[in-house]
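J.: Pasting a structure here, questions to come.
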Amino acid sequence: MSSAITAKITVPSPFSRFLARHTGLYFPPERWPDLMSGMDRAAREFGLQDSETCMQWLLSTPMDRHRVEILARYLTVAETYFFRDPAVFEALKTSILPGLIQSRRLSRQTLDIWCAGCATGEEAYSLAILMQRILPDFQQWRISLSGTDINPQALAKAEAGVYREWSFRNPPVWLKTGYFRETATGCYEILPSVRDMVRFSYFNLMADSDWPPIGDNGTMDFIFCRNVLMYFQPELAGRVLNKLCRSLADGGWLIIGPSEAPITAPENMERHYFPGTILYRKNLSTTVRKPAAAHTAALFPPKHTGLAAAGDQKPSVWQLAAKTARKPAKGPPGSPGPVMPLCQQKKLGVAGPEDTRRPSGGETEPSAGDADRLSPGRQYLQAVELLERGQTEAGEQALKRTLYLEPAFTPAYFMLGCLLRRQGRHKEAVKNFKNALQLLEAYPPEQILPEAEGVTAGRLAEIIRTLNAGEESI
């Protein structure tokens, strides 16, 4: 932290709390340089000379929507792209929407969808495109598809519907040609038939009134709030999450980011497991049911997990883990490689320090159960399921088995750090967070991590530092 920022440390501390209370955005000490940089730009728009003066002024005067919009413009990150997290869209397309559409055809042909924290609109438009692809008669339906955000600049871009190449990262092959027209400047403008399906508007998730901003409580079929709550303080994220759940109709679905589930688990919601993702459904029962067989059969989904006719998608955490289950991997810098017990080496035909013979044809091949036990991906999935059922001790052991088999399995370090932090085992939590951050240093900040289902290396590092606020400095 620079000396200039250190000199002003008394201002960011109360202002960070003030900002979280009014916008949800949380800036722990590790992110104060980012806060000061954003506030320098906001100060100029407020007509003030510097960030310190601006923060002191905001602390001493009532907050209103205009001020929130200016702050959001300079302090939020509008990072998204079309059909992000293909496993989510695949689950909607193949497992959720067909049954819902069939039942609605017999009663009312309506669907209510809310994208909370929609940023520049790519997610909302992706859902509109999905509806057109699976509903040939979509024009005969009343589809309410709303996107809300706190950042007016992002909303303006969403309403314009014009995007650069950065919004298309490994997209389905039919996306640009079927739903956009290329402009003279090399951008892509979404077709009117898609744009007209979505309505964008301002909404602050920290608002105490006007919940939900569209429709009535208990009417939404789907609420998407992905990669938003991870920027909130945990207690504020939990408060917003409860409001989102109340806004859902019975049987409605909540879709949050893959990195947000360990932070806050929705109440009165039922977890449903699909290949590569976990979604939440509102149910009167609070019992967490065992995953359906159809959802757990494909622990290692095929390479093409996107929509039908989609182009190649990046492999999921399970595919990467399957590939590395039988070969040693490098752990964090300075850590020893995995040491596999000799009995396992023999079963897999790996030469150990005292056994350099090739396995003979008569030796027993590893069984499917052995392969599962030796797969870091399978162990990690088991850990997630155990932790979500409240079996923390067993979940911790499964995470440690994951890291024994694959010392470079970044999500396992992250999950283990979250678990230890909640248990008050601060030194152990910091150690695991450090290991995750060391592994993340090998990636450019903007690179999407295959094992994190759409989260970039920079964003996951930011989540870890936010979670670790108040602990030993990383």
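J.: Output yes when any residue across segment 221-243 is in contact with a Gly (Cβ under 7 Å, 6 or more places away or on another chain), of a type in the set (A, V, I, L, M), crowded, with 17+ Cβ neighbours inside 10 Å and at pLDDT below 85, and no when none is.
T.: yes
J.: When the residues of segment 93-110 are filtered to those that are touching a residue at least 60 places away in the same chain (Cβ under 8 Å) and among the hydrophobic types (A, V, I, L, M, F, W, C), which remaining residue is nearest to Gln139 (Cα to Cα)?
T.: In this case the residue turns out to be Leu100.
J.: Same structure, new question: One residue is enough: does segment 113-123 have a residue meeting the conditions in contact with a Pro (Cβ under 6 Å, 6 or more places away or on another chain), at pLDDT 95 or above and not acidic (Asp, Glu)?
T.: no
Here is a yes/no grid of residues against (1) basic (Lys, Arg); (2) under 23 Å from Pro275 (Cβ atoms); (3) in contact (Cβ under 8 Å) with a residue 40 or more places away in the chain:
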| site | (1), (2), (3) |
| --- | --- |
| Pro376 | no, yes, yes |
| Ala383 | no, yes, no |
| Glu393 | no, no, no |
| Phe409 | no, yes, yes |
| Leu437 | no, no, no |
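J.: Which of the numbered conditions does Ala158 fail, given that it passes all the others? Conditions: (1) at pLDDT below 95; (2) of a type in the set (A, V, I, L, M); (3) more than 24 Å from Arg281 (Cα to Cα).
T.: (1)
J.: Still on this structure, please answer the following. Could you pull out every one of the strands (runs of 3 or more DSSP E) wholly within segment 173-248 that has 1 or more residues that are without any contact (Cβ under 8 Å) to a residue 12 or more places away in the chain?
T.: Where strands (runs of 3 or more DSSP E) fall fully within segment 173-248 and carry at least 1 residues being without any contact (Cβ under 8 Å) to a residue 12 or more places away in the chain, they are 180-182.
J.: Still on this structure: Search segment 216-259 for residues being over 21 Å from Arg21 (Cα atoms) and aromatic (Phe, Trp, Tyr), and hand back the single one that is nearest to the chain's Cα centre (by Cα).
T.: Here the residue is Phe224.
J.: Another question about this same structure. Going through segment 380-404 one residue at a time, which ones are modelled with pLDDT under 85 and not basic (Lys, Arg)?
T.: Selection gives Tyr380, Leu381, Gln382, Ala383, Val384, Glu385, Leu386, Leu387, Glu388, Gly390, Gln391, Thr392.
J.: In addition: Out of the residues in segment 405-431 that are in a helix (DSSP H, G or I), modelled with pLDDT of 85 or more and more than 20 Å from the chain's Cα centre (by Cα), state the one that is surrounded by the fewest Cβ atoms within 10 Å (Cβ to Cβ).
T.: Per the criteria, the residue is Lys427.
Each row is one residue, and each column tells you yes or no for (1) crowded, with 16+ Cβ neighbours inside 10 Å; (2) of a type in the set (Ser, Thr, Tyr); (3) not assigned by TED's automatic domain parsing to the domain that holds Arg459.
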position: Ala91; (1), (2), (3): yes, no, yes
position: Ile96; (1), (2), (3): yes, no, yes
position: Arg105; (1), (2), (3): no, no, yes
position: Ile113; (1), (2), (3): yes, no, yes
position: Ala119; (1), (2), (3): yes, no, yes
position: Glu123; (1), (2), (3): yes, no, yes
position: Ser126; (1), (2), (3): yes, yes, yes
position: Ile129; (1), (2), (3): yes, no, yes
position: Gln132; (1), (2), (3): yes, no, yes
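Residue-by-condition table, conditions (1) in contact with a strand residue (DSSP E or B) (Cβ under 8 Å, 6 or more places away or on another chain); (2) in a helix (DSSP H, G or I); (3) under 29 Å from Arg459 (Cα atoms); (4) in contact (Cβ under 8 Å) with a residue 60 or more places away in the chain:
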residue: Pro33; (1), (2), (3), (4): no, yes, yes, no
residue: Ala43; (1), (2), (3), (4): no, yes, yes, no
residue: Glu90; (1), (2), (3), (4): yes, yes, yes, yes
residue: Asp112; (1), (2), (3), (4): yes, no, no, yes
residue: Tyr125; (1), (2), (3), (4): yes, yes, yes, yes
residue: Arg133; (1), (2), (3), (4): no, yes, no, yes
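J.: Looking at the structure I just gave you, is Glu69 in contact with a helix residue (DSSP H, G or I) (Cβ under 9 Å, 6 or more places away or on another chain), among the charged types (D, E, K, R) and outside any helix (DSSP H, G or I)?
T.: no
J.: Can you say whether Pro192 is out of contact with any Phe, Trp or Tyr (no Cβ under 7 Å at 6 or more places or on another chain) and modelled with pLDDT under 95, as far as the supplied structure shows?
T.: Criteria not met by Pro192.
The values are calculated or read from the model by the stated rules, or taken from the named source; none is laboratory data. For clarity, every value in this text was computed on a predicted model and none was experimentally measured. Cβ: placed from backbone, ideal geometry, glycine included. Neighbour counts: every protein chain shown.
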